[in-house]
Structures are given as structure tokens and as C-alpha cells.
1. Highest mean first, what order results for 9-21, 122-134 on Cβ atoms within 10 Å?
2. As a test, work out the antiparallel percent of DSSP beta bridges whose residues both lie in region 2-401, rounded to the nearest 5.
3. For the chain, what does -39500 (n - 2.57) per DSSP helix run (n ≥ 4), summed and divided by total residues, give at 222 nm, in deg cm²/dmol to the nearest 500?
4. When the Kirkwood hydrodynamic radius is evaluated over all pairs of different C-alpha atoms of region 222-293, what value in angstrom, to one decimal, is obtained?
5. Quote to one decimal, in nm, the extra length available between Thr259 and Leu367 on full extension: 0.36 nm per residue of separation minus the C-alpha distance between them.
6. Taking the Cα centre of region 53-112 as the origin, how large is its charge dipole in debye, to the nearest 20, when only Lys and Arg (+1) and Asp and Glu (-1) carry charge on their Cβ atoms?
7. In nm, to one decimal, how far is the modelled label at Gln191 from the one at Ala385, with both set 7 Å along Cα→Cβ?
8. Å³ per residue of the Cα convex hull, for region 179-244?
Amino acid sequence: MRVAVVGGGIGGLALGAGLRRRGFEVTVFDRDTDVTATGGYHLTLDDRAQSALTELVEPKIMQRLLASGSALRLRERDAFWDRRGRLLGHGPDLSDSGSVDIDRITLRALLAEAVGDDLHLGRTVSGVSEDGPRVLFADAAPVSADLVVGADGAHSVVARHLAGGPTNSPAGIIGFSGRTRRADLSPAEQQRLRSRSGTAIAPHGAALYVGFLDPVGNAALDAPELRMSVTTGPTYIWGAMLPDPAGSLRTLRGRELQTALLNNFRERRWAERTLEVIAKADPDSVAAFRFNAASTRAADLAPWPAGRITALGDAVHATPPTAGMGAGAAIRDAASLVKHLSETDRSTAVERFEAEMRQRGSEVLTLAMKTVKWILATNTPLGAAATAVLTPLMAAAVRLRR
Ligand SMILES: Cc1cc2nc3c(=O)[nH]c(=O)nc-3n(C[C@H](O)[C@H](O)[C@H](O)COP(=O)(O)OP(=O)(O)OC[C@H]3O[C@@H](n4cnc5c(N)ncnc54)[C@H](O)[C@@H]3O)c2cc1C
């Protein structure tokens, strides 16, 4: 059976690796010319994503992945702050967590290695045709396959063809992200942020997530000889969020964006100490992106009859990064498709895979949208007033308890 995969991001490469491992003839096409020149920050892989990966890649790739990942169980409990940096509370105990944070570039490079020469870079797909089915390119001959899988992300041409239109829409938030080395922060801010992730909330839809990553000190597998993380020491990967539209901010890049973002948060009366993590970021790492989301209803996902063209990952269930589950869901989709295609009754494999994917997509989207809705609720008159009144009270209660 010949499978053509459109998109060599996380889901497409995971699928390519798994199919190749099971002896399928597979070809993965991606428009990027270099898998490591893609950007992106850390991705969280929970237990389920890791067990899916164990099915898809050889144990030696899995070991390198774990040696390059930062274990959540070695992190302190997450914190919640207000815009002044006052502590409001803590997240759950992470000591039992099996989740790992890994650089997106590292994960993609490892998966690309597993796909080997079945990955074709610099190949932009212009569409798909039911006849064959075939993958179409603007500058090359079409490629026929027995099954075409669209793993081409939130703006998928394959899923758009299947659904007859976009499969997701803007979620109402613009995200701004960047990378800051812990050592670049003042001692006071290092002490406040500590080796934990956290989120600061404020009225009017502004929030700041600060994720802590240390693939060296907190390695999930202590095997330095196998490590290939892009992050080489304690680092904060932060994500600032503002209601969409966020004025001209989305069109800016690098230092200009960093300065404009800081000014926007200052105008919203955020304290300088909470903004230090943005101010001390590497300007080249600062980028803006719109959160897109598919429907949270399983019945709305993959709204097409099962056939010889299908799709997975963000192409079907585009998920904002607020639950850290988009990459894991794409990997689990890939493992599910490989499993069903490997079973004796292949005639209903795509149907069974799509049914599972609808449930999985709905589950992760519901979680991710909870946070999005919560942030957007602070941008209503009532929500803004409640946040302004309640956060100082919560901060005072925490101080008293101490
Ligand atoms: C550059 C980038 C950075 C990201 N950074 C983060 C991050 O820091 N944190 C986070 O939580 N999530 C991030 N994500 C999203 C996260 O990686 C995805 O949600 C998740 O991996 C889902 O995987 P996917 O395979 O469905 O889609 P993706 O991983 O987005 O992969 C889609 C792939 O399809 C390719 N593609 C798209 N259109 C075409 C076409 N017409 N022809 C050929 N190839 C095409 C793209 O080049 C891309 O490689 C990022 C995504 C991208 C693309």
C-alpha cells in the first residue's frame, strides 16, 4: 500500500515514521527546505503521546527524545500571579507527572531522522485530486497513492478540499512568544519565577504564560551523550496573550515587536518585574501568531465521508497552545492511523481512525478552549471588574496563609 503524506510537521513525520516501521511504502512532502529551520518552542508530550511515539519510532530515537526533554515531575508546582507578580495560587503537584517538554525543533529533527529518505523537503503541495487519489504540485508532476493523508497544519489544503472550506477559525486571541535564558534575569526575578511554569492574569484579556524548560538539569532521561536539545540550560519560554485584534502588533517582528509588546502591557498597568521576562528575551526569538481553533464538538470534526483521502492533527482539530496538547494529539492520530491500517480488515481503517480522531480532537480542544474562554471572559465588563477586585483579595489571602 502506498501512502502519500502532505506535511512533514509533527503529525506527518510521526505518521511517516510509523508507516515506514510497519513496512508501508510512504512518502512525506513538506514545503520547508530544512526541518530544523522552522522555529517554534517547546511542545508537551504527555504519557499517551509518549506511548503513541513508542509504537511509531525505534527505541533508540525514543531514548534520544527523552534525553533531550525536560521532565515535568522535576519541576515545582505551577504558579498563578496577578499583573503585579503577586502569587495567587498553585497548580497541582507534578511529582507523578509523566509528561515531558521538548523543543519543537528537536522533536521534528528526530522524527525526520526516523522517516529518512522518504521525506521530501521543498515540496509545496497545491492541492489533491480524488482521481487516483493524487497529490498536486504547482511545479512538478502529480503523485498517485492508495491513500493521501493531509498533515499540513491549521491552514491545510487537504482538509479544506475534504471539508469544502476552512476547518477552523480565529479563537479571539493573539499570542506572542519568546525565549529568555534564566541567567539573563535579575536575581529577584529568578527567585520569583523559580524552576516552575506559571501564568499571570489581569483584566481585559491580557495574560502571560511563562514556561520553564531545562533539558539539561531536568532531563527526562539522564543520558547526556544522547542529548540533542536546542535549549541548553534553564530557560523560560513565554507566551503573552492579548485579545484579537491586537492593533499593529501582529505585523511587527523581533526587537520592534518586543518593545511594542512591553509598551502595550505597561499601558495595561502591568508591573515592570512581571515584564522582565519579555524585556530580557532574545529579540530574534520574539514572534506573534493568531490562535486558531476548530470546533470542540466531535461531530463537527472531519465532516466528510471516509475515503482514500484523509487528514490528521491541526488540519482537522487546530488547537490553541493553551493546553499544550496539539502536538501530542497529532502524534496519537498518527499512531491510530498506523494501527488501523495494519489490521487485517483495511477496508474500514480510515473510518475507524477518523471516529477516534473526532473524539480525541474534541477532548483536547475542550481543554484548550477552557483557558481561552477564561482569558476572554476577563475582557467583558463584568469579567474585568471581577478580575480587578478578586486578584488583590486572592493575593492577600495567600500572603496571610504564609
Ligand atoms: C513553525 C511552527 C512553530 C510552532 N511552534 C509551536 C510552539 O512553540 N508551541 C506549540 O504548542 N505549538 C507550536 N506549533 C504547533 C504544533 O507544532 C502543532 O500544533 C502540532 O505539532 C500539530 O502538528 P501537525 O503535524 O498537525 O501540524 P504542524 O506541526 O503545524 O505541521 C504542518 C506541516 O505542514 C507543512 N505544510 C503546510 N502546508 C503545506 C503545503 N501546502 N505543502 C507542503 N507542506 C505544507 C508545514 O510546513 C508544516 O511542517 C508550531 C507549528 C509550526 C508550524
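Laboratory data are not the source of any read-out in this text; all were calculated from the coordinates shown. In this text, all values refer to a predicted model and were calculated from it rather than measured experimentally. Quick reminder, even Gly has a Cβ in these numbers, built from the backbone with ideal geometry, and neighbours come from all protein chains shown.
1. Ranked by mean Cβ neighbours within 10 Å, highest first: 9-21, 122-134.
2. Approximately 70 percent, going by the DSSP bridge assignments.
3. It lands at -11500 deg cm²/dmol.
4. 14.1
5. The Thr259-Leu367 span can extend by a further 35.7 nm.
6. 280
7. That separation, rounded to one decimal, is 3.9 nm.
8. Spread over its residues, the Cα hull of region 179-244 gives 106 Å³ apiece.
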